[in-house]
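S.K.: The structure under discussion is supplied below as structure tokens; questions concerning it will follow.
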Amino acid sequence: MKKIAIIILLAAFIFSGCEKDLDLYPLTELTSDSFYKTENDFKLLANGLYEYLPQHHEDPAVGRDGWSDLGYTPGNRFYDGRYIESESEGDWDAGYAHIRRTNEILEAVEAVEDEGLKSDIQQYKGEALWFRAFEYWKLLHNFGNVIIIDKVLTTNDPLLLAPNNTMYEVADFILNDLEVAENLPLSTDHLDGRITKEACLGLKARVALFIGTWAKYHDAGVDYNSYLQTAADASGAIIDGGKFELFDRRDVLGEESYRYFFTLESEVMTNPVGLGKEDQNESILSVKFNRTLRNRGFSYVTVRRDTYSPTKKMMDMYLDETGLPITHANTVFEGHGVSIDPVTKVANNHEYNKRDPRMRNNHIQPFQQFWYDIPYDRDFNWTQEELLNTGSWNDGYLSFNTITGYSAHKWGNEIGRPIANDYYLIRLAEMMLICAEAKFELNGQISDADLNKSINKLRDRVGMPHLTNSFVTSNSLDMLTEIRRERTVELYLEGMRSDDVRRWKTAEVEMAEALKGIKWAGTIFEAPFEVFNERTGQIETVDRSSAHNYELDENGFLIAQPASERQFTEKHYLRPLPLRQLLLNENLKQNPGWVGQ
């Protein structure tokens, strides 16, 4: 009976994996010898894989960063004690469905007998290998010990009842696929969105850093140095290759250059000077969008109250303008809260003053005016007068789509839909951060020369002081903490934080903490106040005195989610495998701590 159930499940699995692409590939078998005869046939096969790449709304806000300690996502069940084992898991099912498709393509390539054609289609073999590695990467950082399937399964295949591979076997399989793929003649134009050699190096660096630090902090006795060296070498090869450069157009965009990098478009004007996608060379691999053929489903994802609100913890991570943490004795940080000038009634957001400019780029300040959802076909000239006539105004706490009192701005489009800014899946900044972290984890130290090739380039483009060994020593700082801080700030809302605190094995502390918001007690919000509204040019009375029903901590900060509602134990480091898979395969073992172990 069990074998019959497996056959039925496999048939359903095959059908569901092909159903999405029936219009593109109306064949019963992907590897049919009667069809795949030309290079273009294989290109069409490879093109279908690109639909598996994530989109803006899947990773940054409502996805993995919303599962972390950096933002509050209402209804998040991952770390509030409500996450339980389930019969099926969408990430598991989709992952193996996509892996099957890559295996079908790889077998179709190997079945080609014409040597000339086989040579011509090696690029698409390389792309299939990258996508297989990418799907296994997603399974790895979600579930850990999964099953490696490197071929198209038949109904009697022994792999249907295979035991779990270890995390390290899965990581080695991924790295091997990428090693093969990066040696293939891939496209040299990263702007076309196709997989390149550098995209292979970039994913290799990401996976190797994850598994290397996981081994170092979780599994004593595992040789982590080889993984960390791979991460350093792969990221270093991209940096030293000189093909990519950080986007820095402060010459024409001023301090907001960093923010506009994430909204570059080419079909409509999405910044005051009309820079487009072709004007950046930082993205190593982008998920491509087109306003007519494939536009984004959301125009302003990260500030929607129902999906994501930044936490005080995230806001406090930004350094002051001298490069010191705001908790340091010598900080120039002005303190939390907002004051209103008694004469002009203009708001002064002290928390944002004298800070790393990325704080102002990534978030909308209270009582700040900004453009929002401007019709794309409108004659829009980006002047201050236009802003006053058309812009929106953040009128303070619990107003503009926030629960914590903080509002995210990164990835936020000001032009309304349809919009077609790309999603940067792998970019140079991440490679610089990987290189710095891997080198420190390898040696317990990092040279100023390596810092200047990595972290200090990121600081240069936002006008922040350099991180140096002497600065760390003289100010009694910890270098690893500052390297991790830089990663958190730079890659904020790019879906990295949940993986980071898990691989560092700090999650049981950091993820279990209360999620807090703005300072309430002792601030203007406790009573009605007057403030100047730039949008209307009028002084308005704002009353937030009864706007919240949250408890406050001992220092008067809002608690959006108390620690009693947060939960992270040892078992939460990996998600549970689907219960149905355990039922069908008695050799498959559940992750530690979950039902079915």
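Taken together, the values in this text are just the output of simple stated rules run on the coordinates, not laboratory data. Computed from a prediction, not measured in an experiment: that's the story for all the values here. Here the Cβ positions follow ideal geometry from the backbone for every residue, glycine too, while neighbour counts run over all protein chains shown.
S.K.: Between Lys505 and Asp448, what is the label-point separation in nm under the 7 Å Cα-to-beta-carbon projection?
M.R.: Rounded to a tenth, the inter-label distance reads 3.4 nm.
S.K.: Provide the FRET efficiency to the nearest 0.05 for the Leu387-Asp341 pair, computing r from the beta carbons and using R0 = 22 Å.
M.R.: Values: r = 21 Å, r/R0 = 0.95.
Rounded to the nearest 0.05, the efficiency is 0.55.
S.K.: Taking the Cα centre of each part, how many Å lie between region 469-490 and region 516-549?
M.R.: 35 Å
S.K.: For region 484-597, what is the Kirkwood hydrodynamic radius in Å, using each pair of distinct C-alpha atoms? Before the final figure, lay out the partial values.
M.R.: Details: mean 1/r = 0.0543 Å⁻¹.
Value: 18.4 Å, from the Cα pair sum.
S.K.: Give me the percent relative contact order of the chain, please, defined on Cα pairs under 8 angstrom at least 6 residues apart. Don't skip to the answer; put the middle values down first.
M.R.: On the way: 1038 pairs, mean separation 113.7, N = 597.
19 percent.
S.K.: A follow-up question, please. Going by average Cβ density within 10 Å per residue, which order do the peptides 194-200, 247-253 take, highest to lowest? Could you put the intermediate results ahead of the total?
M.R.: On the way: 194-200: 25.0, 247-253: 15.9.
Per-residue mean Cβ counts within 10 Å order the peptides as 194-200, 247-253.
S.K.: Choose one of Ile455, Ser564, Gly495: the residue whose Cα lies farthest towards the positive end of the charge dipole of the chain (beta-carbon charges +1 Lys, Arg; -1 Asp, Glu; about the Cα centre).
M.R.: Checked the options; the winner is Ser564.
S.K.: Of Leu579, Leu275, how do they rank once you tally other Cβ atoms within 10 Å and put the fewest first? Mind showing how you got there, number by number?
M.R.: On the way: Leu579 17, Leu275 21.
Least crowded to most crowded, the residues run Leu579, Leu275.
S.K.: Right, another one. Do the sum for the chain: with -39,500 (n - 2.57) for every DSSP H run of n ≥ 4, divided by all residues, what is the mean residue ellipticity at 222 nm, to the nearest 500 deg cm²/dmol?
M.R.: Details: 21 runs with 224 residues, N = 597.
The helix contribution divided over the chain gives -11000 deg cm²/dmol.
S.K.: Students often forget the sequence filter, so: which lysines lie under 20 Å Cα-Cα from Lys453 once same-chain residues fewer than 8 apart are removed?
M.R.: Partners found: Lys204, Lys243, Lys439.
S.K.: Follow-up. What is the angle, in °, between the Cα long axis of helix 225-241 and the longest principal axis of the Cα atoms in the chain? Nearest 10 is fine, range 0 to 90.
M.R.: Helix 225-241 and the main axis of the chain meet at about 70 degrees.
S.K.: Please give the helix 122-143 orientation as an angle from the longest Cα principal axis of the chain, in degrees from 0 to 90, rounded to the nearest 10.
M.R.: 60 degrees
S.K.: While we're here: Please give, to one decimal in nm, the separation of the simple spin-label points placed at Glu278 and Asn475, each 7 Å out from Cα toward the Cβ.
M.R.: Result for the modelled spin labels: 4.2 nm.
S.K.: With N set to the number of residues, divide the alpha-carbon radius of gyration of the chain by 2.2 N^0.38 Å and report two decimals. If you can, show how the numbers build up before the last one.
M.R.: Numbers: Rg = 25.2 Å, N = 597, 2.2 N^0.38 = 25.0 Å.
So the chain has a normalised radius of gyration of 1.01.
S.K.: Mind listing the Cα extents of region 36-155 along all three principal axes, in Å, largest one first?
M.R.: In descending order, the Cα extents are 57, 33, 17 Å.
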